[in-house]
Ligand code: ACO
């Protein structure tokens, strides 16, 4: 018996910020962002909404899709790099907000690869018999990372008030990474019910800790005493630091490499894959993956134009949309692939079960 996905759901915030909106608060253009990243717009929650709220919404939608009650879930795995609080993680909040029993709830911190790692953990729990029904959810609210003042937020969301020159300069200083991200969540419900050759057929997960600083947030962290200081915040240690070129080169090479490794381990070939659900960090990275595989965007699709990079949310959101659009149906062979901070990366192969007669 293998692990099969029996329900999916997503949570997408209402506040839409286009590239044009961003150009009202920093020196950027729709043309620059579109050609370098493929992002056209991204979504943001209102302040006060946490990744646990988006996660709970996505989980409840996925449970409804599966025709299951929260009380039937045996294991919950949440993945986020933007938790509501420094500690504890969001899994307990999601367990309580969705009305699950006092089951084991895990917090995964693998950033862009968080959902993939969660899927693998769910498969381990299901195939070992330790759970019968598992839920995996990836959720992010990146708005809290953004170095924008209240006036900048007001203007980017459509307000007519101008912002100060200092705000404009600060937003421009951080433009290389801030234009990439958006908020969103996606969830999957899995059960151990797949027939031979169906469901999760294999995965290949990796970590290269030498690349820890490709993208990271140096503060606030507990090797400092106290772990948060006004001086640290003044020095922007709480904002992400990113080596964009380094990330780009690694992601383009390592996602296809992991996919080839898991294909070899499952006795399948690249030609067998119907669709690659790859982490949505940048459409140019996806272009590189397509080139490596010698395929087009129908095989390595992208929805980054609508959401930007939602970190742990990208895989389940894209998979849900492909399922809704009928691009993933009975028998479809899917390759999930991700690369991100850590540096954690990997791939998994999944065969959608044949539709019930
Ligand atoms: N608008 C306008 N100009 C900009 C912007 C912006 N938003 N951001 C940077 N620029 C400018 C730079 O200041 C620079 O100007 P200069 O030549 O006058 O100095 C110029 O554009 C070129 O900057 P580069 O950094 O060389 O641009 P590049 O072509 O490398 O693109 C980018 C940068 C888009 C970040 C690219 O490196 C990238 O996508 N890397 C991957 C990063 C990523 O995906 N991170 C996501 C998180 S990690 C993950 O999910 C895998």
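The values are calculated or read from the model by the stated rules, or taken from the named source; none is laboratory data. Keep in mind it's a predicted model, so treat the numbers as computed, not measured. Counting neighbours? That spans all protein chains shown, and the Cβs are built from the backbone with ideal geometry, glycine included.
Any residue that is without any contact (Cβ under 8 Å) to a residue 40 or more places away in the chain, under 25 Å from residue 308 (Cβ atoms) and not assigned by TED's automatic domain parsing to the domain that holds residue 206 - is there at least one of those in segment 54-75? Walk me through how you get there before you give the answer.
Residues of segment 54-75 that are without any contact (Cβ under 8 Å) to a residue 40 or more places away in the chain, as a first pass: 69-71.
Then drop every residue that is not under 25 Å from residue 308 (Cβ atoms), which leaves none.
No, segment 54-75 has no match at all.
The residues listed here are 312, 347, 343, 337; of these, the one that is within 16 Å of the ligand (Cβ to nearest atom), within 19 Å of residue 55 (Cβ to Cβ) and in contact with a helix residue (DSSP H, G or I) (Cβ under 9 Å, 6 or more places away or on another chain) is 312.
Out of segment 83-101, which residues are surrounded by fewer than 21 Cβ atoms within 10 Å (Cβ to Cβ) and in contact with a helix residue (DSSP H, G or I) (Cβ under 8 Å, 6 or more places away or on another chain)? Listed by number, the residues that qualify are 84, 97, 99, 101. Can you find a residue that is within 16 Å of the ligand (Cβ to nearest atom), farther than 19 Å from residue 83 by Cβ and in contact (Cβ under 8 Å) with a residue 60 or more places away in the chain anywhere in segment 124-146? Checked segment 124-146: no residue is within 16 Å of the ligand (Cβ to nearest atom), farther than 19 Å from residue 83 by Cβ and in contact (Cβ under 8 Å) with a residue 60 or more places away in the chain.
Of all residues in segment 225-252, those satisfying the criterion of being more than 9 Å from the ligand (Cβ to nearest atom) and within 19 Å of the chain's Cα centre (by Cα) are 239, 241, 252.
Quick one: is residue 124 over 25 Å from residue 145 (Cβ atoms) and not in a strand (DSSP E or B)? Yes: the conditions hold for residue 124.
Taken together, the residues in segment 69-105 that are out of contact with any strand residue (DSSP E or B) (no Cβ under 7 Å at 6 or more places or on another chain) and part of a loop (DSSP other than H, G, I, E, B) amount to 10. All conditions but one from (1) within 16 Å of the ligand (Cβ to nearest atom); (2) touching a strand residue (DSSP E or B) at 6+ places or on another chain (Cβ under 8 Å); (3) within 23 Å of residue 139 (Cα to Cα) apply to residue 259; the one that does not is (3). In segment 246-267, what residues are farther than 21 Å from residue 300 by Cβ and free of Cβ contacts under 8 Å to residues at least 12 places away in the same chain? Passing the criteria: only 267. Hey, any hits in segment 61-74 for a residue that's surrounded by 19 or more Cβ atoms within 10 Å (Cβ to Cβ), within 16 Å of the ligand (Cβ to nearest atom) and more than 27 Å from residue 128 (Cβ to Cβ)? No.
When the residues of segment 1-29 are filtered to those that are modelled with pLDDT of 95 or more, over 23 Å from the mean Cα position of the chain (by Cα) and more than 10 Å from the ligand (Cβ to nearest atom), which remaining residue is nearest to residue 150 (Cα to Cα)? So that I can check it myself, show each step before the final result.
Restricting attention to segment 1-29, the residues satisfying the condition of being modelled with pLDDT of 95 or more are 3-29.
Then keep just the ones that are over 23 Å from the mean Cα position of the chain (by Cα); that gives 20-21, 23-29.
If we keep only those that are more than 10 Å from the ligand (Cβ to nearest atom) as well, we get 20-21, 24-25.
Numbers: 20: 19, 21: 15, 24: 14, 25: 12 Å.
Per the criteria, the residue is 25.
Scan segment 27-42 and give yes if some residue there is farther than 16 Å from residue 305 by Cα and either touching a residue at least 40 places away in the same chain (Cβ under 8 Å) or touching a strand residue (DSSP E or B) at 6+ places or on another chain (Cβ under 9 Å) (or both), otherwise no. Before the answer, list the steps.
Let us first name the residues in segment 27-42 that are farther than 16 Å from residue 305 by Cα, namely 27-28.
Retained after the next criterion (residues that are either touching a residue at least 40 places away in the same chain (Cβ under 8 Å) or touching a strand residue (DSSP E or B) at 6+ places or on another chain (Cβ under 9 Å) (or both)): 27-28.
Yes, that holds for at least one residue.
Yes or no: residue 297 more than 27 Å from residue 10 (Cβ to Cβ), more than 15 Å from the ligand (Cβ to nearest atom) and outside the structural domain of residue 13 (by TED's automatic domain parsing)? For residue 297, the condition - more than 27 Å from residue 10 (Cβ to Cβ), more than 15 Å from the ligand (Cβ to nearest atom) and outside the structural domain of residue 13 (by TED's automatic domain parsing) - is not met.
Does segment 265-284 contain any residue that is part of a helix (DSSP H, G or I), within 16 Å of the ligand (Cβ to nearest atom) and in the same structural domain as residue 218 (by TED's automatic domain parsing)?
Yes, segment 265-284 has at least one match.
So, in segment 32-59, of the ones that are more than 18 Å from residue 156 (Cβ to Cβ), out of contact with any helix residue (DSSP H, G or I) (no Cβ under 6 Å at 6 or more places or on another chain) and outside any loop (DSSP other than H, G, I, E, B), which residue ends up nearest to the ligand (Cβ to nearest atom)? Per the stated criteria, the residue is 36. The residues on offer are 321, 352, 287, and the sole one that is modelled with pLDDT of 95 or more, farther than 14 Å from residue 113 by Cα and surrounded by fewer than 17 Cβ atoms within 10 Å (Cβ to Cβ) is 287.
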